[in-house]
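Structure first, then comments.
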Amino acid sequence: MLNSSHSVLINHHSPLTEYATATEILRKMDKPLISRRLVDSNGSLAEAPSGAPNVGILGSGDFARSLATRLVGSGFSVAVGSRNPKRIAGLFPSATQVTSQAEAVVFPEVIFVAMFREHYSSLCGLSDQLASKILVDVSNPTEQEHLQYRESNAEYLASLFPTCTVVKAFNVISAWTLQAGPRDGNRQVPICSDQPEAKRTVSEMARTMGFTPVDMGSLASAREVEAMPLHLLPGWKVPALLALGLFIFFYAYNFIRDVLQPYMQEGKNKFYKLPLSVVNTTLPCVAYVLLSLVYLPGVLAAALQLHRGTKYRRFPDWLDHWLQHRKQIGLLSCFCAALHALYSLGLPLRCSHRYELVNLAIKQVLANKSHLWVEEDVWRMEIYLSMGVLALGTLSLLAITSLPSIANSLNWREFGFVQSTLGFVALVLSTLHTLTYGWTRAFEESCYKFYLPPTFTLTLLVPCVVILAKGLFLLPCFSRRLSKIRRGWEKDGAIKFMLPVDHALAQKTSHV
Ligand code: NAP
């Protein structure tokens, strides 16, 4: 417990800075961060705490419980205000005071409103007790509410309690993260308010609880902060749809060639191939085309810069978006390639494979052939598998270096080398893998089922364009001009087309 001199020290500060000061003192004294029970035997407030800073919570649901646990663990005295305190008191840590809403807001200067927006108005009876206090709005609207209301929940709360200072915070932190601790979840807590001092107080509280506050400015940003938890993997929608589209296309194509054609023209039932074999021939097609789509926009951007003779003009929006999604497309490519490797390992385990092997062996015996060994096939298979493994290894390296923790440890040149040079190596290895897989089949008439060319020939199209274009840009006439442009040189007349300079966009292609 803090001694009286510390209490005096705290009381000399304004209520808004009391939290920061008290927690700081607790830290410096290295005291166990346990708060004192605030109720006497008949359940009413006994006295204001002298040591730990006081925090109130209105609401006793999942979020309130986790918040109370974390606050108590961080050295705060917590008072929870509920409509039915007796019923839920046992669910809170014993160091928490669970009481009526009116009593819970008496001492704390900071009060968390852990309730849904539709219940805010039920607090209007507490207006007098809440006057001049800090209300922390932790609510998240549903998608429908976000569209329905023009003002954020926090602004709505501020309009109901004009004498209070409303701070928007902690809405991006789940009850689970609060309970498990910030190490196991997202650490960042966006905070916004019209009152800088109140924002500082709540930021210091967040820091004491182990989170990293992020200043989002005034309360007008609350709508943006409230929209954050509504995002579902932003940046992944287009790449995921692209991967799905490619998968459906190649699966249908392989189905027609490998299952439908034998059934219709030869009467063979090969529908058993649908769950594994067709999926396994589809996955590498998707992975390979996706990988080439990571490098195609860079080639297009370079061609555009060469054509325009300047880097100071914006790319078209579609190209800009494409450039921004390269990481996600690359990761999806790696994912499909990894699945392909796993599926391939499963191929020999299939019953159909064993039957085919035995039938082949019987055929050999009946034909009186004792030694089946086709040198060309043996070599082709060895090279084909080796290229595949190398390509997957390189792709995995790219995926690992795109993780923020790894990417942050690399300088710009190292990152550029891995993502650009090694990425291109992965594309070349994948092309060799595909070519050795296809071998001469592109030129065999029997491989054109229903007049459809073998699938691998289709997949080669975009990657070959990318590799050829990259090779072309290595020629001195193009590479010199391109590097001049990327260092700021402009051809005569390029200036008259110039829009406002966008250096960030220009730099995006500097390592292509
Ligand atoms: P909850 O479990 O349903 O709790 C809501 C609480 O509101 C109830 O326990 C109730 O406490 C109180 N309340 C006060 N007046 C009420 C009334 N008129 N009708 C009904 N309830 C009333 O919800 P929650 O999950 O804790 O979420 C609370 C707030 O935190 C929400 O705004 C939510 O968006 C936000 N949030 C939640 C999470 C999460 O992971 N759960 C994460 C971030 C933000 P009493 O019955 O004791 O009065």
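The values are calculated or read from the model by the stated rules, or taken from the named source; none is laboratory data. All of these numbers come straight from a predicted model, not from anything done at the bench. Here the Cβ positions follow ideal geometry from the backbone for every residue, glycine too, while neighbour counts run over all protein chains shown.
So VAL136 passes all but one of these: (1) more than 10 Å from the ligand (Cβ to nearest atom); (2) assigned to a loop (DSSP other than H, G, I, E, B); (3) within 31 Å of the chain's Cα centre (by Cα); (4) modelled with pLDDT of 95 or more. Which condition number does it fail?
Single failed check for VAL136: (2).
List the number of the failed condition for ALA131; all other conditions in (1) surrounded by fewer than 19 Cβ atoms within 10 Å (Cβ to Cβ); (2) under 36 Å from the mean Cα position of the chain (by Cα); (3) more than 14 Å from the ligand (Cβ to nearest atom); (4) not charged (D, E, K, R) hold.
It is condition (2) that ALA131 fails.
Would segment 272-289 turn up any residue that is farther than 30 Å from CYS351 by Cα and either in contact with a helix residue (DSSP H, G or I) (Cβ under 6 Å, 6 or more places away or on another chain) or surrounded by 23 or more Cβ atoms within 10 Å (Cβ to Cβ) (or both)?
From segment 272-289, those farther than 30 Å from CYS351 by Cα are 289; that's our starting set.
Now narrow it down to the ones that are either in contact with a helix residue (DSSP H, G or I) (Cβ under 6 Å, 6 or more places away or on another chain) or surrounded by 23 or more Cβ atoms within 10 Å (Cβ to Cβ) (or both): 289.
Among the residues of segment 272-289, at least one is farther than 30 Å from CYS351 by Cα and either in contact with a helix residue (DSSP H, G or I) (Cβ under 6 Å, 6 or more places away or on another chain) or surrounded by 23 or more Cβ atoms within 10 Å (Cβ to Cβ) (or both), which makes the answer yes.
Looking at segment 412-445, which of the residues that are in contact with a Lys or Arg (Cβ under 7 Å, 6 or more places away or on another chain) and part of a helix (DSSP H, G or I) is modelled with the lowest pLDDT?
Let us first name the residues in segment 412-445 that are in contact with a Lys or Arg (Cβ under 7 Å, 6 or more places away or on another chain), namely 424, 436, 439.
The next check asks that each one be part of a helix (DSSP H, G or I); those that pass are 424, 436.
On the way: PHE424: 94, THR436: 97.
Per the stated criteria, the residue is PHE424.
Just name the residue that is surrounded by the most Cβ atoms within 10 Å (Cβ to Cβ) out of those in segment 51-92 that are aliphatic (A, V, I, L, M), in contact (Cβ under 8 Å) with a residue 40 or more places away in the chain and within 11 Å of the ligand (Cβ to nearest atom).
Out of the qualifying residues, it is ILE57.
Go through the residues of segment 245-266 one by one and say whether even a single one is within 29 Å of LEU178 (Cα to Cα) and of a type outside the set (Gly, Ala, Ser).
At the first step, the residues of segment 245-266 found to be within 29 Å of LEU178 (Cα to Cα) are none.
No, because not a single residue in segment 245-266 is within 29 Å of LEU178 (Cα to Cα) and of a type outside the set (Gly, Ala, Ser).
From the list SER122, SER159, which residue is free of Cβ contacts under 8 Å to residues at least 12 places away in the same chain, more than 10 Å from the ligand (Cβ to nearest atom), in a helix (DSSP H, G or I) and hydroxyl-bearing (Ser, Thr, Tyr)? If you could, list the steps in order and put the result at the bottom.
On the way: SER122 fails: more than 10 Å from the ligand (Cβ to nearest atom).
When all the criteria are applied, what remains is SER159.
Are there any pairs with C-beta distances below 7 angstrom linking a residue in segment 94-117 that is touching a residue at least 40 places away in the same chain (Cβ under 8 Å) to a residue that is among the hydroxyl-bearing types (Ser, Thr, Tyr) and away from the ligand (no atom under 13 Å from the Cβ), with the two at least 6 apart or on different chains, and if so which?
ALA95/SER35; GLU103/SER44; VAL110/TYR19; VAL110/THR201
Please work out if GLU226 is in a helix (DSSP H, G or I), within 16 Å of the ligand (Cβ to nearest atom), surrounded by 13 or more Cβ atoms within 10 Å (Cβ to Cβ) and not hydrophobic (A, V, I, L, M, F, W, C).
Yes: the conditions hold for GLU226.
For the structure I just gave you, tell me whether ASP502 is modelled with pLDDT under 90 and either within 18 Å of LEU323 (Cβ to Cβ) or under 36 Å from the mean Cα position of the chain (by Cα) (or both). Before the answer, list the steps.
On the way: modelled with pLDDT under 90: yes; either within 18 Å of LEU323 (Cβ to Cβ) or under 36 Å from the mean Cα position of the chain (by Cα) (or both): yes.
Against the criterion (modelled with pLDDT under 90 and either within 18 Å of LEU323 (Cβ to Cβ) or under 36 Å from the mean Cα position of the chain (by Cα) (or both)), ASP502 qualifies.
Across segment 139-156, which residue is farthest from the ligand (Cβ to nearest atom) among those that are part of a helix (DSSP H, G or I) and under 16 Å from PRO229 (Cβ atoms)?
The first filter runs over segment 139-156 and keeps only residues part of a helix (DSSP H, G or I), leaving 143-148, 153-156.
After this cut, where a residue has to be under 16 Å from PRO229 (Cβ atoms) as well, the list is 143-147, 153-154.
On the way: GLU143: 13, GLN144: 13, GLU145: 10, HIS146: 12, LEU147: 16, ASN153: 7, ALA154: 11 Å.
Going through the qualifying residues, I end up with LEU147.
Name the residues in segment 103-119 that are closer than 21 Å to SER139 by Cα, out of contact with any Asp or Glu (no Cβ under 8 Å at 6 or more places or on another chain) and away from the ligand (no atom under 12 Å from the Cβ), would you?
Here is the first cut: in segment 103-119, the residues closer than 21 Å to SER139 by Cα are 104-105, 108-119.
Filter again for out of contact with any Asp or Glu (no Cβ under 8 Å at 6 or more places or on another chain), leaving 104-105, 108, 110-112, 114-116, 118-119.
Within segment 103-119, VAL105, PRO108, VAL110, ILE111 qualify.
Please verify whether LYS327 is in contact with a helix residue (DSSP H, G or I) (Cβ under 7 Å, 6 or more places away or on another chain), among the charged types (D, E, K, R) and in contact (Cβ under 8 Å) with a residue 40 or more places away in the chain, treating the condition exactly as stated. Step through it out loud before you land on a result.
Numbers: in contact with a helix residue (DSSP H, G or I) (Cβ under 7 Å, 6 or more places away or on another chain): no; among the charged types (D, E, K, R): yes; in contact (Cβ under 8 Å) with a residue 40 or more places away in the chain: yes.
No.
When segment 93-106 is examined, which residues are found to be assigned to a loop (DSSP other than H, G, I, E, B) and buried (at least 18 other Cβ atoms within 10 Å of the Cβ)?
Of the residues in segment 93-106, the ones assigned to a loop (DSSP other than H, G, I, E, B) are 93-96, 105-106.
Hits for segment 93-106 are ALA95, THR96, VAL105.
Quick one: in segment 134-145, which of the residues that are touching a residue at least 40 places away in the same chain (Cβ under 8 Å) and charged (D, E, K, R) is farthest from THR163 (Cα to Cα)?
Taking the candidates together, the pick is GLU143.
Looking only at segment 146-156, filter to residues that are exposed (fewer than 15 other Cβ atoms within 10 Å of the Cβ) and free of Cβ contacts under 8 Å to residues at least 40 places away in the same chain; which one of those is farthest from VAL189 (Cα to Cα)?
Once the filter is applied, the top-ranked residue is GLN148.
Assuming THR177 fulfils every condition listed in (1) away from the ligand (no atom under 12 Å from the Cβ); (2) within 21 Å of LEU230 (Cα to Cα) apart from one, which condition is it?
Unmet for THR177, out of (1) away from the ligand (no atom under 12 Å from the Cβ); (2) within 21 Å of LEU230 (Cα to Cα): (1).
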